[in-house]
Amino acid sequence: MRARDLGVEVGLGRPGPLNAITDVAGVRVGVVTPIEGEAGPLVVGEGPVRTGVTVIVPHDGGRVRPLPRPAACAAARKGRLVAWRSFTRWPTGG
């Protein structure tokens, strides 16, 4: 059940047709889920590995001002948040 189903309104907007972040014009979402090794007990250095990464790009790639604030988080089993980092500037890579 969603908060909205209980009458809780968050923000000023209304949900789009898919009730998803991608309903917002220009927002892009990418997902990668690497799976390696056979199911079974963990063997360090061999697996099995079940992990994933989701990236949300809050613009269409053009020049956006002000730049959205970059952040990263990590979740454990069942989506439990275990780490969060909000950056004061965009990482430069390397």
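Residues are listed down the side, and each one gets a yes or a no for (1) of a type in the set (Gly, Ala, Ser); (2) surrounded by fewer than 10 Cβ atoms within 10 Å (Cβ to Cβ); (3) in contact with a helix residue (DSSP H, G or I) (Cβ under 8 Å, 6 or more places away or on another chain); (4) modelled with pLDDT of 80 or more:
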| site | (1), (2), (3), (4) |
| --- | --- |
| Leu12 | no, yes, no, yes |
| Ile21 | no, no, no, yes |
| Gly26 | yes, no, no, yes |
| Gly30 | yes, yes, no, yes |
| Thr33 | no, yes, no, yes |
| Ala39 | yes, yes, no, yes |
| Gly62 | yes, yes, no, no |
| Arg77 | no, yes, no, no |
| Thr88 | no, yes, no, no |
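Being outside any helix (DSSP H, G or I) and among the acidic types (Asp, Glu) is the filter; apply it to segment 20-40 and report the residue that is farthest from the chain's Cα centre (by Cα). Only one residue fits best here, namely Glu38. Of all residues in segment 41-52, exactly one satisfies the criterion of being touching a residue at least 12 places away in the same chain (Cβ under 8 Å) and exposed (fewer than 10 other Cβ atoms within 10 Å of the Cβ), namely Thr51. Each residue in segment 1-40 was checked for being in contact (Cβ under 8 Å) with a residue 24 or more places away in the chain and of a type in the set (D, E, K, R), and 1 pass.
The values are calculated or read from the model by the stated rules, or taken from the named source; none is laboratory data. Note that the structure is predicted; figures quoted are calculated from it, not measured. All Cβ positions, even for glycine, are placed from backbone atoms using ideal geometry, and neighbour counts span all protein chains on display.
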